[in-house]
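In what follows, a single structure is set out as structure tokens and then discussed.
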Amino acid sequence: MRTAIVSAMHEELAAVLALMPDEQRQRVAGRDFWIGHLHGQQVVAVLSRIGKVAAATTATALIERFDVGSIVFTGVAGGLAPGVQVGHVVVADSFLQHDLDASPIFPRYEVPLYGTSRFATDAALTERLAAAAQLALPDAILHRGLIVSGDRFVATTAESRALQSDLPQALAVEMEGAAIAQVCHDYGVPFAAVRTISDRADDEAHVDFLRFIREVASRHSAAVVEALLRAGQPGPAA
């Protein structure tokens, strides 16, 4: 089965496509899906687009139309936990939607009718992804744990501190991962995600983010993906 490589930014997707010798474009749901091979593995690469709904649509199309056996998501995030700094790498063990609140009918953050607020990533695939990140980025500090997602770019110190207070276990914040995690949970498809910290989700986030995307993000994503696929098929065997 194919492995889906989902990138958060155009620069990251371009870096992954540069590694694929035979990519062919297919357009589905207004998105460009690039089918080909990377280190002998069948892959399909795509841009997630921004926000939870867009990311969920992308993940659903990957599963329904391209029959992927696993989804790997690379990208950037804002650091929340005190020790998670710019340039560090976070491999997600689970995701939560920080802007979901159906209380008092359901507890805050709990996804209605699921009985949980967190969706775990696939343990085996996550271990492989963490090993690939350590191999590809030996000088980067690696963290494992909770990443939170929401439909807003957290870019003020006040917002960041509020999230840290409400969700002290959260290592980083971004805008798509929890949606993909929920879709993969529904379909039983293994999912793993790695995020490089581009900013501290504070008053300087917009400045740090743009510079980081230009200088670091694409290189990190391509290196981790290449290390993962070079090590062997991360999803179920074809």
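The values are calculated or read from the model by the stated rules, or taken from the named source; none is laboratory data. Values in this document were obtained by computation on a predicted structure and should not be read as measured data. So basically every Cβ, Gly included, is an ideal-geometry build from the backbone, and we count neighbours across all protein chains shown.
For region 39-115, no strands (runs of 3 or more DSSP E) sit wholly inside it while including 1 or more residues that are without any contact (Cβ under 8 Å) to a residue 12 or more places away in the chain and of a type outside the set (S, T, N, Q). Scanning region 17-36 turns up no residue that is in a helix (DSSP H, G or I), touching a residue at least 24 places away in the same chain (Cβ under 8 Å) and surrounded by 22 or more Cβ atoms within 10 Å (Cβ to Cβ). Only residues that are touching a helix residue (DSSP H, G or I) at 6+ places or on another chain (Cβ under 9 Å), of a type outside the set (S, T, N, Q) and either assigned to a loop (DSSP other than H, G, I, E, B) or modelled with pLDDT of 90 or more (or both) were counted in region 1-13, giving 7. Of the residues screened, Ala158 is one that is free of Cβ contacts under 8 Å to residues at least 40 places away in the same chain and either part of a helix (DSSP H, G or I) or over 13 Å from the mean Cα position of the chain (by Cα) (or both). Ala217: at pLDDT below 85 and either touching a Lys or Arg at 6+ places or on another chain (Cβ under 9 Å) or within 16 Å of Ile50 (Cβ to Cβ) (or both), yes or no? Yes: the conditions hold for Ala217. When region 82-116 is filtered for residues that are of a type in the set (Lys, Arg) and either within 28 Å of Ser221 (Cβ to Cβ) or in contact with a Gly (Cβ under 9 Å, 6 or more places away or on another chain) (or both), nothing remains. Here Val46 clears all of (1) within 23 Å of Ile141 (Cα to Cα); (2) crowded, with 20+ Cβ neighbours inside 10 Å except the condition numbered (1). Consider region 201-212 and keep the residues that are modelled with pLDDT of 70 or more and either crowded, with 20+ Cβ neighbours inside 10 Å or among the aromatic types (Phe, Trp, Tyr) (or both). The one that is nearest to Ala18 (Cα to Cα) is Phe212.
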